[in-house]
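So the structure is just underneath, and the comments pick up after that.
The values are calculated or read from the model by the stated rules, or taken from the named source; none is laboratory data. Here the structure is a predicted model, which is why all the values come from computation and not from measurement. Using ideal geometry, Cβ is built from the backbone for each residue, glycine included, and neighbour counts are taken over all protein chains shown.
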Amino acid sequence: MDARAAPLRHVPVLLAETLALLAPERGGLFVDATLGLGGHAEALLDAAPAARLLGLDRDPEARALAGERLARFGGRVEIRAGDFRELERLAGDRAPFAGLLADLGVSSLQLDRGERGFSFRQEGPLDMRMGGSGRTAAQLIEESTEAELEKIFREYGEEPEARRVARAVAAARQERPIATTDALAEVVRGAKRPKHRDERIDPATRVFQALRIAVNEELEAVDELLDQAVRLLDREGRLVIISYHSLEDRIVKNRLRDLARGEVDPVTGRPRAETRLLEVLTKKPVRPSAPEVESNPRSRSARLRAARRL
C-alpha cells in the first residue's frame, strides 16, 4: 500500500454526526486528540471558517500525512506530537477549547500497514504499538505468565475461551517465539472450539483486540482523557468521543454520566446539581447508518457519545 495515498482513501467515521455535535460554526479552537490522517479535522475546518484546530497524535507517520492534508488551512492548524493522555501538557497553554474530539479507533494507516502488526489480515511483526515505544505485543506474549495472558484475553478481549487460548499460546511459545501476526492468528484459530466461533468475525479478532488494548494501555487512557478534557473545555464547549468496543464505550458512558450528575452529598447521598460539569447530549450511543456501514465496513462497531460543558 502507498501510504502517501492513504489520506485520499481515508473515510472518517460518523462525520456528519460528529460535526453536528461539535458545532464548529461557533468558532474558536477545537482539539482533535486523535488526529490520525486528518479526516475529521479537514471536514471541521472546511465546515467552519472561523474555527481553528489543534491536532494531537503520537504516530509520526500519521502526523506527517495529516500535515500534508491540512496544509491548505495555513495558520488555522497546529499539529503537536504526543499521546492524548498528555492533553494538559500538550494543549493546556491553548485552553480553554470550544470543543474536543477523540476517535479511539485504530487508524486506517495502522491497520493497513503490515509492519505495524495490528491486524491478522496483514502478515507482519507482532508489534501493535501506536506510538512506536514501549513493549511490543510479541514481548507481552513472551513475558506474561499463562494466567496473565488469560486475564488479558478475558478482560480486554471478552474472549469466551480465554483460558484455552492462553494455554495454547503458552504451549506454542515454548516451541518458538510468537513473533508475527500470522503465527499468533494460527495458534488462536487452532485453539478455538467450533461452538465458540462467531461466523461474523475471525476467531483471532478478540485476542488481537485484547493485546492491542494491553500494549497501549487504552482503557486507562480513556479515563485520563475525559478528566483532562473536562478541565480544559470552555463553557458551552463540546466533547465528542467515538469508541469501537463495549469496554471503551462503557467507560465513556459511565464517566459522562457521573460528570453530568455532579458530586454526591455525603449527608443526603444525592448528587449536588451545582457541581454538575456536563450535560450529556446523547442519551444512547450514536451508531453509523446502514449506508455508512455498507460503504465503510470499519465503521460498523463505532459508538459516538457527546456532552456539553456547563
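Taking V267, is it surrounded by fewer than 21 Cβ atoms within 10 Å (Cβ to Cβ), among the hydrophobic types (A, V, I, L, M, F, W, C) and touching a Lys or Arg at 6+ places or on another chain (Cβ under 8 Å)? No. Out of the residues in segment 174-232 that are part of a loop (DSSP other than H, G, I, E, B) and of a type in the set (K, R), which is modelled with the highest pLDDT? Going through the qualifying residues, I end up with R176. Taken over segment 289-310, the criterion of being in contact with a helix residue (DSSP H, G or I) (Cβ under 7 Å, 6 or more places away or on another chain), of a type in the set (K, R) and not in a strand (DSSP E or B) is satisfied by R300 alone.
For segment 255-272, the set of residues classified as assigned to a loop (DSSP other than H, G, I, E, B) and either within 23 Å of P12 (Cα to Cα) or hydrophobic (A, V, I, L, M, F, W, C) (or both) consists of V267 only. Scanning segment 119-167 for residues that are basic (K, R) and outside any helix (DSSP H, G or I) turns up R121, R129, R135. Restricting to segment 289-310, give me the number of residues that are surrounded by 15 or more Cβ atoms within 10 Å (Cβ to Cβ) and of a type outside the set (A, V, I, L, M, F, W, C). Counting residues in segment 289-310 that are surrounded by 15 or more Cβ atoms within 10 Å (Cβ to Cβ) and of a type outside the set (A, V, I, L, M, F, W, C) gives 10. Restricted to segment 223-244, and to residues there that are within 27 Å of R154 (Cβ to Cβ) and in contact (Cβ under 8 Å) with a residue 60 or more places away in the chain, the residue that is surrounded by the fewest Cβ atoms within 10 Å (Cβ to Cβ) is E224.
In segment 149-166, what residues are hydrophobic (A, V, I, L, M, F, W, C) and either touching a residue at least 24 places away in the same chain (Cβ under 8 Å) or in contact with a Cys (Cβ under 6 Å, 6 or more places away or on another chain) (or both)?
I152, F153, V165
Screening V240 against (1) modelled with pLDDT under 95; (2) assigned by TED's automatic domain parsing to the domain that holds A102 leaves a single unmet condition, (1). Take the residues of segment 273-288 that are surrounded by fewer than 13 Cβ atoms within 10 Å (Cβ to Cβ) and in a loop (DSSP other than H, G, I, E, B): which is farthest from the chain's Cα centre (by Cα)? That would be K283. The C-beta contact set for segment 288-307 (first residue hydroxyl-bearing (S, T, Y), second residue part of a helix (DSSP H, G or I) and surrounded by fewer than 17 Cβ atoms within 10 Å (Cβ to Cβ), distance under 8 angstrom, 6+ apart or interchain) comprises S299/V293. Within segment 150-158, is even one residue over 27 Å from P297 (Cα atoms) and surrounded by 14 or more Cβ atoms within 10 Å (Cβ to Cβ)? Looking through segment 150-158, at least one residue is over 27 Å from P297 (Cα atoms) and surrounded by 14 or more Cβ atoms within 10 Å (Cβ to Cβ). Looking only at segment 146-174, residues that are farther than 20 Å from T136 by Cα and among the acidic types (D, E) come to 3 in all.
Conditions (1) modelled with pLDDT of 95 or more; (2) more than 21 Å from N296 (Cβ to Cβ); (3) among the charged types (D, E, K, R), marked per residue:
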site: H10; (1), (2), (3): no, no, no
site: L22; (1), (2), (3): yes, no, no
site: F30; (1), (2), (3): yes, yes, no
site: P60; (1), (2), (3): no, yes, no
site: A66; (1), (2), (3): yes, no, no
site: A98; (1), (2), (3): yes, yes, no
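Tallying residues that are closer than 13 Å to A162 by Cα and not polar (S, T, N, Q) within segment 200-217 yields 7.
Limited to segment 29-40, what total is found for residues that are in contact with a Pro (Cβ under 9 Å, 6 or more places away or on another chain) and under 22 Å from L281 (Cα atoms)? So the answer is 3.
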